[in-house]
Amino acid sequence: MGDAALRYAGVSLGYHGTPVLTDVELTLAGGQRLALVGPNGAGKSTLIKSVLGLVPVLGGTATVLGGAPAGARHRTGYVPQTGSLDADFPVTAAQVVMMGRYRRIGWWRPTRAVDRRAVREALDRVGLADRAGTHFGILSGGQRQRVLLARALAAEPELLLLDEPFNGVDAVSQEAVVRVLRELGAAGTALVLSTHDLTVARELADQVCLLNGRQWAIGPPAAALTGDILRRAYGGHAVDVGDGRTVLVEP
Amino acid sequence: MIEPFTVPFLGRALAELALLALVCGPVSVFVFVRRLSFVSDALTHTVFPGVVIGFLAGGVEGIVAGALVAGVVTAVVLTLLTRGGALSDDASTAVVLTAMFSVGVVLVSRRSSYTADLTSFLFGRILTVTPRQLAETAVLAAVILGLLLLGARALIFRAFDPAGAAAAGYRIAGLDLWLNLVVALVVVAAVRAVGTILVVALLIVPAAAARMLTVRLTVMAALGTGLILLAGYGGLLASWTASVEHGISLTSASAVVLLLVLAYLLLLPLGALRRRRRRPAPARRGSPHELVG
Amino acid sequence: MNWWDDALHRATAEVVLVGALAGLIGVQVVLRRLSFFTMALTHATFPGVVAAAIIGVNIYLGGVAAGAIIALGVAALGRRAGQNAAAATGVMIAGGFALGAGLVATQSGFSRDLSSFLVGSILTVSPRDLLVTAVALVVVAAILLAGARPLLHTGFDPAGARAAGFAAGRWDIVLLLTIEVVVVTVVPAVGTILALALVVAPAAAARLWSARLSVITALAVTFGVLSGLGGLYASSRWNVAAGASITLTATAILALSTVLSRVVRGRGPASLGSPAAPA
């Protein structure tokens, strides 16, 4: 059990040999929750994709679940932004969740009772057991996000990555997602989620990683998200509102 | 209504269409969800040089081999070009389509009977299908359905959520090549018998029409197959009746396509109705062609 | 003897005009990813042209009427980009082609007409075709010049353009109808395949060299004209179909541009069309 879920040492990431994110230093143990915080274009999605081996590591060493990033994909769950999906696509909620089982099922075998049970349980956990046969496109934004979370759950991952899971999500769905994420952490699953919502990061994460082109801070929320650091990372977009609090003004 | 099909050549034509219906129902679903209409259209054009070279090298029997080579080359080139990212998908598809078709035209334009060759390439020779051709189509149909069943889950995942599929460890380029090859095989199987005009329609229209009625993928495939069978039967009958009883030369390929398109148009209001009952979708990504980084 | 009486002279003038016209509109087609729409238009105007010829009306009129229906249909569908729009465009191709080919086949001696629809017969252009192409060139250039700013704005950022007071939907329709005018003008003379090739390939090649619209446009027109002249020369030199050799010349220019622009810059263009934008 000596392996950390995630270990990045002096990592820089980028496309076509041009770095877009540098100086990433982080270690994440099983059961811990890490929030990636930063403005749009800061490199949050890039970091998440690098964990999946979809963005090349230009420098430093990145270890995911004890090995090279691409080699850990079958033990990693990924929840994309719902906005990137086609609402017209003819699939049901249960079909989407079943996608999380595809790698286990393999190419040829038909789905088995254990797969169908896993799908039911995953939908139940996010509170959508009654919507299994519903067309994905009919669901609300928050419900879609929960279906995608259920898909990741059905894969039974050791490391779960979520890209902006609370974007355009209603309060009920946000609560359901937060509850599931806490349960997962308690059960030993490591979590990485990107967000531009500092409140969510403070409440949910054990560790916060502040990004904007490079890593500006890492540590417990109270230490990493001080007004001083935020002002430096965000430039003019961080504004003091008194009481020692800082708010961000998105351009 | 049955009687014309007791004429052997008409019976064989219907059998050929039934085989293609079995394949094109499911394949058109994938063409629909991956938005490969343009790629399908391109493939029907790019097998042309293969058909010509195959014919010049090996006579009528060389056509399938030539088309097969050209189809596979196109599938590979299109997959590579769309991965490369230097040109957008649709521009590279257009360029491959026009360039390869032109190679075929250059090859035939030096022969005197060139316009007749083009015409049979467009319309096919559905009424002169031989038992041997039927057997060839059946073999190709089995191969295509096998490839499709084997890849179905991964292909659906990739179509729905490319980033998620890549994250799950699927190789997107490999899956794209797989589907392009399946479409190329359909074109090869069908083009000599039914011509390019009909192949394009068989690959695009059935699923698009079935989508108005259902959101279930398997139901879409089955409806697509049924639709092709109906249109195939109706089209052959119409073209037979028109030419035998009214002396109008209505090509069977055109008749089948027009029936398919008619079905699509009749179902359009149903699709609009379904959409109206649904909640409005939130803003989506701007381009239908975005690739995974 | 008049200079225009020579078929080769007329063909030369026609390819210069068509190359310029296609290159001009091609920039919009490539940047807006409208290649498939252009292909659909070439096929969907076909039945209009054939029907006009059969009932004895001006064929340009038939093409314009059929194309306008399609362009407006796409504009309506385009609001909801997605699988249905792509499929609907495909249905138009299939249906238009089958209807046109079916109509042609009811006439005798149709093989000739069909193949000239596909690959054109640039060596038989009449002075009237030349005049129509020249007029279309002037009209299209004027529209693109007058609409340059709104077209750029709506193409790059529809929501922003609407906020800035441009009627984005109306400008989309203007663009689609302009493409339609080009297709209807060009297809009878040079065929569908060549029309598509001359619209897409020169503009795609030009895009590789620059990110500035004015430079891209100038290059696209130049490449279009060069493809026409080079292809026509190759056609008479080696006795192959003119439409095909022009298409292959345009493709060769694109292939050369892909290689050379990479060598010159070190790598491909960084902005438009690059798949891996960091988020």
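Some points to look at:
- Peptide packing: for B:128-141, A:132-145, the average count of neighbouring Cβ atoms within 10 Å per residue gives the ranking A:132-145, B:128-141, highest mean first.
- Inter-probe distance in nm under a simple model that places probes 7 Å from Cα toward Cβ, at A:ASP130 and C:VAL264: 6.4 nm
- When each of the peptides B:153-162, C:231-240 is scored by how many other beta carbons lie within 10 Å of its residues on average, the order from highest to lowest is B:153-162, C:231-240.
- Per-pair calculated FRET efficiency, R0 = 25 Å: C:TRP4 and C:ARG237 via Cβ, rounded to 0.05: 0.65
- Interface B:C - total buried accessible surface [probe 1.4 Å, Å², rounded to 100]: 4600 Å²
- The fraction of all Cα pairs in the stretch C:1-50 landing in successive 5 Å bins from 0 to the largest distance is 5, 17, 15, 16, 18, 15, 8, 5, 1, 0, given as whole percents.
- Semi-axes of the equivalent ellipsoid of the stretch C:3-265 are 28, 25, 16 Å, computed as sqrt(5λ) over the eigenvalues of the C-alpha gyration tensor in descending order.
- Dipole magnitude of the protein assembly as shown, debye to nearest 20 (Cβ charges: Lys/Arg +1, Asp/Glu -1, about Cα centre): 960 debye
- Cα-based Kirkwood hydrodynamic radius, the stretch A:137-217, one decimal, Å: 13.5 Å
- Under 5 Å, built H, 5+ apart or other chain: amide partners of A:VAL79: A:LEU161, A:LEU162, A:ASP163
- Within 10 Å of the Cβ of each residue in B:152-162, the mean number of Cβ atoms contributed by other protein chains is 6.
- Inter-label distance for B:LEU273 and C:LEU131, nm, one decimal - labels placed 7 Å from Cα along Cα-to-Cβ: 5.3 nm
- Sequence ranges A:45-57, C:25-37, B:40-52, A:187-199, ranked by mean other-Cβ count within 10 angstrom, highest first: B:40-52, C:25-37, A:45-57, A:187-199
- With q set to 0.12, 0.13, 0.22 Å⁻¹, the log10 of I(q)/I(0) for the stretch A:1-101, from the Debye formula over equal scatterers at the Cα positions, is -0.47, -0.55, -1.22.
- Amide hydrogen neighbours beyond the local backbone of A:THR92, cut-off 5 Å, H modeled: A:PHE136
- Selection from B:VAL23, A:ALA42, B:LEU122 lying farthest towards where the dipole of the protein assembly as shown points positive, charges on Cβ: A:ALA42
- Lys/Arg +1, Asp/Glu -1 at C-beta; the protein assembly as shown dipole; positive extreme among B:THR44, C:LEU99, C:GLY224: B:THR44
- Take each residue in A:11-22, count the other chain C-beta atoms within 10 Å of its C-beta, and the mean is 2.
- Three semi-axes of the equivalent ellipsoid, the stretch A:99-169, Cα gyration tensor, whole Å, largest first: 21, 15, 11
- Convex hull (Cα only) mean projected area of the stretch A:6-248, reported in nm² to one decimal: 13.8 nm²
- Pairwise label distance in nanometres, A:ARG112 with C:ALA218, each label 7 Å out on the Cα-Cβ vector: 6.8 nm
- Sorting the Cα pairs of the protein assembly as shown by distance into bins of 20 Å, from 0 upward, gives 15, 45, 31, 9, 0 percent per bin.
- A simple rule links phi to the HN-Hα coupling: the Karplus curve 6.51 cos²θ - 1.76 cosθ + 1.60 with θ = phi - 60°, which for the stretch C:211-226 gives 10, 9, 4, 5, 5, 4, 4, 4, 5, 4, 4, 4, 4, x, 5, 4 Hz, with x for Gly and Pro.
- Its alpha carbons give the stretch B:3-275 an Rg and a Dmax of 18.5, 61 Å.
- Take each residue in B:256-262, count the other chain C-beta atoms within 10 Å of its C-beta, and the mean is 4.
- Charging the Cβ of each Asp and Glu at -1 and of each Lys and Arg at +1, and nothing else, the dipole of chain A about its Cα centre rounds to 880 debye.
- Built amide H within the under 5 Å cut-off of A:LEU211, gap 5+: A:VAL37, A:GLY38, A:TRP216
The values are calculated or read from the model by the stated rules, or taken from the named source; none is laboratory data. Since the structure is predicted, the reported quantities are computational estimates derived from the model, not experimental observations. Quick reminder, even Gly has a Cβ in these numbers, built from the backbone with ideal geometry, and neighbours come from all protein chains shown. Only protein heavy atoms, including side chains, enter the accessible area calculation; ligands, DNA and RNA are left aside. Shrake-Rupley method; radii C 1.70, N 1.55, O 1.52, S 1.80 Å.
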